[in-house]
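J.: Can you read through this structure? Questions will come right after.
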Amino acid sequence: MLRVGATVALVFIGCQTPPSPPPTAPEPAPASSSGTAATIPVDREGPPSGGCAGAVASTRSGQAALQQAAEAADPDEKLRLTLHSLDAYRRAAPGWRECAGQGGAASEAKSRYFLADALHDVVRLEMALNAFDRTQYAAPTAAEIDAAVEAAKDVHSGTFVDKTARFVDDLNAARRELASARADGGQRP
């Protein structure tokens, strides 16, 4: 059974919503006046600013897009929002990397956690998209998985260690799944 990205893959068919972010995560995009989630633009080229502010903005955008994908009825809209979420997490990672070391211990611990979270989400979303359509969406590379594992192992705060240990388990499951697919001639389970 597909563990990594399973929730996201199920989002494509509307069976399950993605897990909620950890309690210390940035808040998702605010709701519009109609009570529905604010629309996420897909033509945005990057965060409004670099560094920590850009990382927070991109993380919020990724979370909101993934939540909207879970709620969307139209498969094309689910895909568009999932791709936007992937792009947002890719933009967030360098900002979180820049944030680490720019504050006190608590700030650094959060930045390292959110870097690990962003890299984990990139791998998770790439796995789900690849499961959705192998011909259009590449699986994550070994280097992407390795970077995500290293970032998760680099989190030393007791607050986040359990969460990042789950990231490492998911990432190792992704590595095994991809190795199994290569051994089976490229066919994914």
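J.: Quick check, is Asp121 of a type in the set (D, E, K, R) and without any contact (Cβ under 8 Å) to a residue 24 or more places away in the chain?
T.: Numbers: of a type in the set (D, E, K, R): yes; without any contact (Cβ under 8 Å) to a residue 24 or more places away in the chain: no.
No; evaluated as a whole, the condition is false for this residue.
J.: In the stretch 93-189, which helices (runs of 4 or more DSSP H) lie fully inside it and hold 3 or more residues that are β-branched (Val, Ile, Thr), within 16 Å of Ser58 (Cβ to Cβ) and touching a strand residue (DSSP E or B) at 6+ places or on another chain (Cβ under 8 Å)?
T.: On the way: elements: 105-132, 142-153, 158-183.
Hits in the stretch 93-189: none.
J.: Identify the residue in the stretch 92-143 that is among the β-branched types (Val, Ile, Thr) and within 14 Å of the chain's Cα centre (by Cα) and, among all such residues, is nearest to Ala53 (Cα to Cα). Break it down into steps so the answer makes sense when it comes.
T.: Taking the stretch 92-143 and keeping what is among the β-branched types (Val, Ile, Thr), we get 122-123, 135, 141.
When the remaining residues are screened for being within 14 Å of the chain's Cα centre (by Cα), the result is 122-123.
Values: Val122: 19, Val123: 23 Å.
The residue in question is Val122.
J.: So, one more: Can you report the number of residues in the stretch 55-91 which are acidic (Asp, Glu), part of a helix (DSSP H, G or I) and more than 14 Å from the chain's Cα centre (by Cα)?
T.: At the first step, the residues of the stretch 55-91 found to be acidic (Asp, Glu) are 71, 74, 76-77, 87.
Checking the rest, the ones that are also part of a helix (DSSP H, G or I) come to 71, 76-77, 87.
This time we only want the ones that are more than 14 Å from the chain's Cα centre (by Cα), so: 71, 76-77.
Adding up the residues that qualify gives 3.
J.: Separate question: Pairs needed: first member in the stretch 136-161, modelled with pLDDT under 95; second member anywhere, surrounded by 15 or more Cβ atoms within 10 Å (Cβ to Cβ) and in a loop (DSSP other than H, G, I, E, B); C-beta distance under 8 Å; at least 6 residues apart or different chains.
T.: Going by the 8 Å Cβ cut-off, the qualifying pairs are Val161/Val155.
J.: Quick one: would you say Asp146 is farther than 28 Å from Arg80 by Cα and of a type in the set (Asp, Glu)?
T.: Working: farther than 28 Å from Arg80 by Cα: no; of a type in the set (Asp, Glu): yes.
Here the answer is no, as Asp146 does not meet what is asked.
J.: Something else about it: For Thr135, are the conditions met, namely being crowded, with 22+ Cβ neighbours inside 10 Å and either in contact with a Lys or Arg (Cβ under 9 Å, 6 or more places away or on another chain) or over 22 Å from Ala151 (Cα atoms) (or both)? Full working, then the answer.
T.: Numbers: crowded, with 22+ Cβ neighbours inside 10 Å: no; either in contact with a Lys or Arg (Cβ under 9 Å, 6 or more places away or on another chain) or over 22 Å from Ala151 (Cα atoms) (or both): yes.
No.
The values are calculated or read from the model by the stated rules, or taken from the named source; none is laboratory data. In this text the structure is predicted, and so the values were computed from the model without any measurement. Note: ideal-geometry Cβ built from the backbone for every residue, glycine included; neighbour counts use all protein chains shown.
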